[in-house]
Each structure stands twice: as structure tokens, then as C-alpha cells.
1. Please determine, by comparing only the residues of region 79-107 that are closer than 23 Å to Gly131 by Cβ and of a type in the set (D, E, K, R), which one is farthest from the ligand (Cβ to nearest atom).
2. Among the listed residues Asp46, Asp64, identify the single one that is crowded, with 19+ Cβ neighbours inside 10 Å and not in a helix (DSSP H, G or I).
3. For residues that are surrounded by fewer than 17 Cβ atoms within 10 Å (Cβ to Cβ), over 23 Å from Gly375 (Cβ atoms) and not hydroxyl-bearing (Ser, Thr, Tyr), tally how many sit in region 411-433.
4. Looking at (1) under 16 Å from Ala78 (Cβ atoms); (2) of a type in the set (D, E, K, R); (3) surrounded by 19 or more Cβ atoms within 10 Å (Cβ to Cβ), can you tell me which one Asp267 breaks?
5. So, in region 334-381, of the ones that are more than 16 Å from the ligand (Cβ to nearest atom) and acidic (Asp, Glu), which residue ends up farthest from Glu446 (Cα to Cα)?
6. Can you find a residue that is farther than 15 Å from Phe207 by Cα, modelled with pLDDT of 95 or more and crowded, with 24+ Cβ neighbours inside 10 Å anywhere in region 105-125?
7. Checking the structure you have, find out if any residue of region 391-402 is at pLDDT 95 or above, under 21 Å from the mean Cα position of the chain (by Cα), surrounded by fewer than 21 Cβ atoms within 10 Å (Cβ to Cβ) and not charged (D, E, K, R).
8. Does Ser47 qualify as being within 19 Å of the chain's Cα centre (by Cα) and either within 16 Å of the ligand (Cβ to nearest atom) or among the charged types (D, E, K, R) (or both)?
Amino acid sequence: MRSYRAKMVEPIRLPDREEREAALDRAGHNVFNLDSDAVYVDLLTDSGTGTMSDAQWAAMVQGDEAYAGSASFTDLEAAVSDVLGFSRIVPAHQGRGAENVLYGCLVEPGDVVLNNTHFDTTRAHVVEHGGEPVDCPVDGALDPATSGDFMGNFDVGRAREVVDEVGKERVPVVVVTVTNNSAAGQPVSVANVREVRAFCDDIGATFVIDACRFAENAYFVREREPEFADASVAEVAREQLSYADACIMSAKKDGLANAGGFVGVRDDPSFDDLFERAKQRAILYEGFTTYGGMAGRDLAAVAVGLREAVTEEYVRDRVGQVRWLGERLDAAGVPVVQPAGGHAVYIDAGTMCPHVPSEEFPGQAVVCDLYREGGVRGVELGEFAFPGTDRPDLVRLAVPRRTYARDHLEHVVETAAAVADHATSLAGYEVVSEPPMEELRHFSAELRPLT
Ligand code: F0G
């Protein structure tokens, strides 16, 4: 049962097929280059694209725009402390701003950073500071055909092997990303986080949780980890985050806001120095420590959004909607990673287009055809986005929070089913122009279909 209704609407339209073909050509067959008014259902990302509540909009009107000592910052501090359990925060304009602040304090050249799976901006910030990002996903996490309850977990065994190889002095930071966006949005258990805590104590590393989707993760934990069967989502979230020394947050996800982020630092004297250094870096890169690149009204929206994100009605509807989409796509014969993650359904484009080799981007072929068929925008997360990493060729359909209704998603299912029907006739693609940094190519490269 949906726990909200619309009271403001935004017109959208489905351009006709000819317009869609022309728009795709103009965009160089890269959907990042499409104008959003040419898109009917936009599943490019769940980041900052959701709908805020009336309570968030009301709080925004009262946002305190003071440069220093904003009351909205105090509200945000209280919300983060209540919901995530970190009473010391450094605000940032969005998640990657928080990453720059935190990893700039923690990572030195030559360091190795371990993560269940680095999200692309996380990887880039580790590299930017001279570190080497190493992924420690559990076996099968990157295989679309493998399913399990906590396929997002961090493989501590693999991490110990890395430490044995490079020495613990070189591993100052261990990160767990919940949910694991780069592994099909799969959740991480509390038991796993406890294991990572013990591992960090053993090797003397700082334990960071990337908490972007902490509420969705907590929902899965309650559902799948028997110890938490009777807990509230809010309790699970607090418990899970209580094991970390610090967190980074993109408030554009489970902050239910259109902008914002922060670093949270454990209130313990051993992290006083980290907190002070993070604040100094934030002043340099983000803004003064009581706004961090956010307007006062954004601070206010996040403060309310975080509290809404752990309400039962909200998160049940949220995870339920994504699950529904995954089940319907599966029933319609579209190969998807099962079970669906918290924020997105991942189509297995490699299986859908077995005739297109990875280097001809089967994921991009599916992305372009979803747009051509039904004005639906997804994103390729395979060889085009992550060149040379041997990741499976997936297409992510990320669902913005509280935004689309079931009939929009029915349209997505019908569109994807039509694409699946003729997938064996889809052509692969080649890149015709790309930016200098290969890691960032999927944002702006142009492609052409191979005939
Ligand atoms: N960490 C994770 C796990 C993310 O998914 C993202 C963003 C970030 C950090 C960076 O946050 O965008 O606020 O700077 N993910 C978006 C996505 C962009 O589409 O998955 P940001």
C-alpha cells in the first residue's frame, strides 16, 4: 500500500519514435547526452532525482541561510546523530565532496584501500590521493547468475590475503558500501559489518561505512538476518552503523534530498584529530563547517529526509517498488539479477545479447534500445563504463524515490520485454570520441552502432 499521494505534478511526455531516433543520434548514442525532456521514464539514477515530502519543502522555507552557525546545520547534526549515530559531522555538497574530504585525510600515496566494491567516485578519490583501491566482494557477487541474501558483503578472507601480501601498515582504511551499488545494489549483513570491525581492530585500520543507501540496507537486514526479525528499520540502521569509525553519506540517496552529503566521525577522542583535519579540508573544498556547499534550505531538507528514510511506511514502499519491478521484468522474460537490490534492477545484457562481445558493449546496445523503444533511460554498467575490469555487462534501471507510479513501471516492463524480444538482432557499438580519463568515459563519450 502506497503511503503517500501526489500534491504537485511535473508534466512528462513520450516523444514519438522518430523524435527518439533523432535525439539518440544527436546524443552520440550516449544517454547522458539526452535532454531530460526527451525522456519519458528516467531511471538513469536514484541520486537526487526523487520527490521530497511536504514536510521537507516546509522545512526548506525555514532554512537558515547564515554563513556560520546556521540553525539548519544544528537540525541536521541532530538528525544524523539520532538516525545514523554520528554526533560529529562535516557537511559537503554531495557524496563525492564528502569522499574528497575524508579520503584526503586518510589516504597517503602507496596506501591500499579495501572496499566490498568501490563505487566509481570512491575509486577515483582513492586514486587521486595516491592510493590503490582493491575490491573484496564475496564470491559470486559479480556473477549475475548467482543469488543470495547478502551478496553485497565484504569478503574478510580475501582482505586478509591482501594484508598478508602488502603488510598492514599499507592498509589504513577499510570501507564497506551499503548497499553495494557496484554489485547490483545487494545488501550487507550486520554480521558481516561486525566481522569487518574485528578485522579493522586486528590490522589497526579506520573502518568507514559508505552509508548512501543505509535505510534500504537495513530493510533487507531485518528481512533476511534472523537476529533482527523483530527490530525496527531505524534500530537496524543504528546498529549497523555503530561499528564504523566514520561514514560518508550522499544525502541524494537515503537523505531523500536533491543535494547534499556529509562525513560522520565517531565521537571518540581517538578520532578528534581526524574530525579537525576533515573540517579544515572541508573549509578548503566545500565551504564553512556549518554548511559545506549546501544552502541552508538543503541542510533543512536533509535533516527531515533522514528521519523519513527510516520510517517503516517509507522504506517498505521503496524496496517493495523496486522488487516489484524486478519480479515483473523476470516474469516478462528479461534476464535480471535476482533478487533485486534496494534502489535498482540490473538487466543482464550479456545474457540478453550473447552475439555481441563485451568489447562491443552489449549493455550500451540495450540502453540505446530501451530509449528507442519506449523513451526509458537506464545506464550501462559494464565494459563501456568500467573498461578492462571484466565486470559483467549490466544495465541498471535505478528507481527515483517516491516519484514514479506503477503504470510508469509497467511501461518500463513492456519496453524492456520488447527489447528482449528482438535483442538478438541488436548491433554492438564502437566509441568514436572519448574524454582523456578512461574511468569517466561513459559520461561523455560518443558512440556509433556497428553494422
Ligand atoms: N558512494 C556510492 C555508493 C554512490 O552510489 C555514490 C553515487 C556516491 C558515493 C557519490 O555520491 O553522487 O552524491 O557524489 N552514486 C550515484 C549513482 C551517482 O548513480 O549511483 P554523489
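1. Only one residue tops the list, namely Glu99.
2. Details: Asp64 fails: crowded, with 19+ Cβ neighbours inside 10 Å.
Result: Asp46 is the single residue among Asp46, Asp64 that is crowded, with 19+ Cβ neighbours inside 10 Å and not in a helix (DSSP H, G or I).
3. Total satisfying the criteria: 2.
4. Of everything listed in (1) under 16 Å from Ala78 (Cβ atoms); (2) of a type in the set (D, E, K, R); (3) surrounded by 19 or more Cβ atoms within 10 Å (Cβ to Cβ), Asp267 misses just condition (3).
5. Applying the filter and picking the extreme gives Asp348.
6. Step one: list which residues in region 105-125 are farther than 15 Å from Phe207 by Cα, which gives 108-110, 119-121, 123-125.
From the residues that got through so far, the ones that are modelled with pLDDT of 95 or more too are 108-110.
Pick out the ones that are also crowded, with 24+ Cβ neighbours inside 10 Å and you get none.
No; the residues of region 105-125 include none that is farther than 15 Å from Phe207 by Cα, modelled with pLDDT of 95 or more and crowded, with 24+ Cβ neighbours inside 10 Å.
7. Yes - at least one qualifying residue is present in region 391-402.
8. Numbers: within 19 Å of the chain's Cα centre (by Cα): yes; either within 16 Å of the ligand (Cβ to nearest atom) or among the charged types (D, E, K, R) (or both): yes.
Taking the combined requirement at face value, the residue satisfies it.
The values are calculated or read from the model by the stated rules, or taken from the named source; none is laboratory data. What you see is a predicted model; the values in this text were computed from it and never measured. Neighbour counts are summed over all protein chains in view; Cβ atoms, including those assigned to glycine, are modelled from backbone coordinates with ideal geometry.
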